[in-house]
Amino acid sequence: MSMKMVDDENEQKKKILEAEEFYQKGLVYGKESDADGAIECWQKTVDLNPNHFEGWYNLGNVYDIGKGDLERAIECWNKALELKPDDVDVLHNMGNAYREHKDYDKAIESYKKIVGLNSEDPKGWNNMANAYRGKSEIDQAIECWKKALEIKPDKYETWYNLGITYKELGEFDLAIDCCQKIFERYPNSYEVKRLLNAINEEKESA
């Protein structure tokens, strides 16, 4: 091995070590909710080591949560996906960010990738349902919630969302069934008692 190759290899190892140091510093800033400090450190991480998956992933997270910059967040998450195309955490975060910004079609695209990788991912189905609901495509939303409940039948949020949706559709008996499913596991839920009362009132006046 030539001296130049040895020098290049040593330089690369040095960059990788420096990248990891900046990554760890970024984690400290992240815990302190210092978005600017975290961004500066993690940007240095990926500049020094473009193959640092966690650097790109967390950089995307802080641009999204800390700065509300969807465009930059997506750029970083896409870089992370180039390194790990099947990473569901990245896909979930992308989908959720798109949904928060009301870009429901792109959110659904992300969630479809998740359930394509693992059809037994209840969070993927539940989030896809919420995105369809955002688009007012209620039939698709209901089907996704049902799929989520087949996988995880004790999920409070899913039963609750389904109950509200049935109530809005005037399907009062189905809405009541959803509330009863929640009561089986959470008998003291004030939120569900209030929903059930509202359903019964609307049912009586219908």
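Taken together, the values in this text are just the output of simple stated rules run on the coordinates, not laboratory data. None of the values given here were measured: they were computed from a predicted structure. Heads up, the Cβs are rebuilt from the backbone with ideal geometry, glycines too, and the neighbour counts pull from every protein chain shown.
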Please report the relative contact order for the chain, taking Cα pairs under 8 Å with a sequence separation of at least 6, and give it as a percent rounded to a whole number.
9 percent
I need 28, 62, 88, 192 ordered by Cβ neighbour count within 10 Å, fewest first.
28, 88, 192, 62
Ordered by fewest other Cβ atoms within 10 Å, a rough proxy for footprinting exposure, 91, 195, 174 read 174, 195, 91
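Excluding residue 109 itself, calculate the net charge of residues whose Cβ lies under 13 Å from the Cβ of residue 109, where each Lys or Arg counts +1 and each Asp or Glu counts -1.
Details: positive: 99, 106, 112, 113, 135; negative: 103, 105.
Computed value for this residue: +3.
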Mind checking which of 151, 183, 78 is farthest towards the positive end of the chain's charge dipole, using Cβ charges of +1 (Lys, Arg) and -1 (Asp, Glu) about the Cα centre?
183
Contour minus Cα-Cα distance for residue 51 and residue 72 (0.36 nm per residue):
5.8 nm
Förster-model FRET efficiency, 22 Å R0, residue 152 and residue 198, C-beta, rounded to 0.05
0.30
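Count charges around residue 199 for me, please; just the other residues with Cβ under 15 Å from its Cβ, Lys/Arg as +1, Asp/Glu as -1.
Values: positive: 167, 181, 193, 194, 203; negative: 168, 171, 173, 177, 191, 201, 202, 204.
Charge balance in the 15 Å sphere: -3.
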With Cβ to Cβ distances under 13 Å as the rule, what net charge do the other residues near residue 18 carry (K, R +1; D, E -1)?
+1
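Using alpha-carbon pairs under 8 Å, 6+ residues apart, how would you state the relative contact order of the stretch 15-84 in percent?
Details: 88 pairs, mean separation 18.9, N = 70.
Worked out over the stretch 15-84, it gives 27 percent.
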Separation in nanometres of the label points that stand 7 Å from Cα toward Cβ, at residue 12 and residue 119:
4.2 nm
Between (1) 25; (2) 44; (3) 56, which entry matches percent of Cα pairs over 29 Å apart as derived from the coordinates of this structure?
(2)
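Could you line up 92, 52 from fewest to most neighbouring Cβ atoms inside 10 Å? All intermediate terms of the calculation are to be shown ahead of the outcome.
Working: 92 18, 52 23.
The most exposed by this proxy come first: 92, 52.
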